[in-house]
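The values are calculated or read from the model by the stated rules, or taken from the named source; none is laboratory data. Just so it is clear, the model here is predicted, and its values are computed rather than measured. Here the Cβ positions follow ideal geometry from the backbone for every residue, glycine too, while neighbour counts run over all protein chains shown. Note: accessible area is taken over every heavy atom of the protein model, side chains too, but ligands, DNA and RNA are not part of it. Shrake-Rupley method; radii C 1.70, N 1.55, O 1.52, S 1.80 Å.
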Amino acid sequence: MDLTTLLGIETPIVLGPFGGMSSVELTAAVSEAGGLGSFGLYGLGPDRIAEVAREVRERTARPFALNLWLPFRRPGEPAPGEGFDRGDYDRAVDALRPLFAQAGAEVPSWPVAPLPDFHAQLDAVFAARPAVLSLVFGVPSPELVEEAHRRGIRVVGTATTVPEAVALQQGGVDAIVASGAEAAGHRPSFLADPEAGLVGGLSLLPQVVDAVDVPVIAAGGIADRRGVAAAFALGADGVQVGSAFLATRQSVAPPVHRERIRSAQAHDTVLTRAMSGRAARGLPNRAVRSIEQSAAIAPFPLQNILTGVFRRAASQRGDAELLSLWMGQSAGLSRHDDAADVFAELAAGVPGARS
């Protein structure tokens, strides 16, 4: 089954899920254009998940995806649902204190609330019945896949290496996102440290296509029709695009973030654990440099929760030096301010499209 039929869409273009930067307006806009809009649910509780699904459906009757982070744990990170270590908190707060002051934000007090329970999030997604449940950081359980299918929900996993793609296919997913090292935001590697398995899309994509039998969606380094055409030439069944859409007025990225996306060059972005405790690609700024120099980065998700406090304050003030400026290596190819124009540019690269 081809990807458009599988997902119930017209054009094989998927909006990258942005976690804490997702927008109902942008999700609906991509779905309305004929692609698959996606909304990242990182950090959201069940009630808010239900609200998001309702708000998207108020704007579009077309298929959309909801995205969850599987409860994956790296060495040194607390197990999902466990409390945080006070020592990690104290060290991180001491290192971050100048950044809180610069943002005009108060240091969060101890104890820090944990993330929402994954199973409660999953139940909310099942109740919402999106067309697609997309997942990062691991292989879903057979029970998850079975229940999703029972409810008519397609399951899409994310791989950063060929072994991860094979593991996802064995886990029963319906399609796989092959995320190259160029991609923005967190590297959702789960079989090895992301820094040890950085594979660019040009190498990753054809090898994943050769290794699995389910549809493959290319992600990373795609921002215009040329990237789309290249992905299909390498065997992709569709593309997932983040930065070019994040730069549009329909996203919730503040204007200074959108401006930085459009002005970035390929060599500007870096992989850093500074802002969240996990490796993610973005533009380095004063906050990233300060945290990396301090060498006091708390484990995920504590670091992400702490920096999120001053990042929210900085967003309101338009201070790009204190934001998480997530973007991929093709961010500078982002030319459009409107999601419909981005979609039209990408769609022109799909085989058979009229230019």
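A few comments on the model shown:
- More than 28 Å apart - percent of Cα-Cα pairs taken over region 198-355: 28
- Per-residue packing, averaged as other Cβ atoms within 10 Å, sorts the ranges 233-243, 88-98 into the order 233-243, 88-98, beginning with the highest.
- Computed over the Cα atoms of the chain, the ratio of the radius of gyration to the Kirkwood radius (Rg/Rh) comes to 0.94.
- Nitroxide proxy distance, nm - points 7 Å out along Cα→Cβ at residue 5 and residue 127: 3.5
- Once the Cα gyration tensor of region 136-267 is diagonalised, semi-axes √(5λ) in Å: 26, 17, 15
- Global geometry of region 45-90, whether rounded, prolate or oblate, following the gyration tensor of its Cα atoms and the 1.5 cut on a/c: prolate
- At q = 0.12, 0.27 Å⁻¹ the log10 of I(q)/I(0) for region 257-329 amounts to -0.29, -1.33, computed by Debye summation with a single uniform scatterer per C-alpha, solvent ignored.
- Cβ-derived FRET efficiency at R0 22 Å, residue 77 paired with residue 110, nearest 0.05: 0.75
- With all protein chains kept in place, the per residue accessible area of the chain amounts to 40 square angstrom at a probe of 1.4 angstrom.
- Computed from the C-beta positions of residue 296 and residue 249, the FRET efficiency with R₀ = 41 Å rounds to 0.65.
- Taking every C-alpha pair closer than 8 Å and separated by at least 6 residues, the mean separation divided by the residue count of the chain gives a relative contact order of 19 percent.
- Computed [θ] at 222 nm, helices only, for the chain once each DSSP H run of length n ≥ 4 contributes -39500 (n - 2.57): -12000 deg cm²/dmol
- Region 1-142: Rg to Rh, with Rh as the Kirkwood radius over Cα pairs: 1.06
- Beta bridges assigned by DSSP with both partners in the chain are antiparallel in approximately 20 percent of cases.
- Region 221-248-region 116-173 distance, computed between alpha-carbon centres (Å): 23
- Linear extension gain, residue 97 paired with residue 50, 0.36 nm per residue minus alpha-carbon span: 13.4 nm
- Inverse of mean 1/r across different Cα pairs in region 90-200, Kirkwood, Å: 16.6
- In plain terms, the chain from residue 312 to residue 270 could stretch by 13.0 nm, reckoned as 0.36 nm per residue minus the Cα-Cα distance.
- What you get for region 138-295, charging only the Cβ of Lys and Arg (+1) and of Asp and Glu (-1), is a dipole of about 800 debye around the Cα centre.
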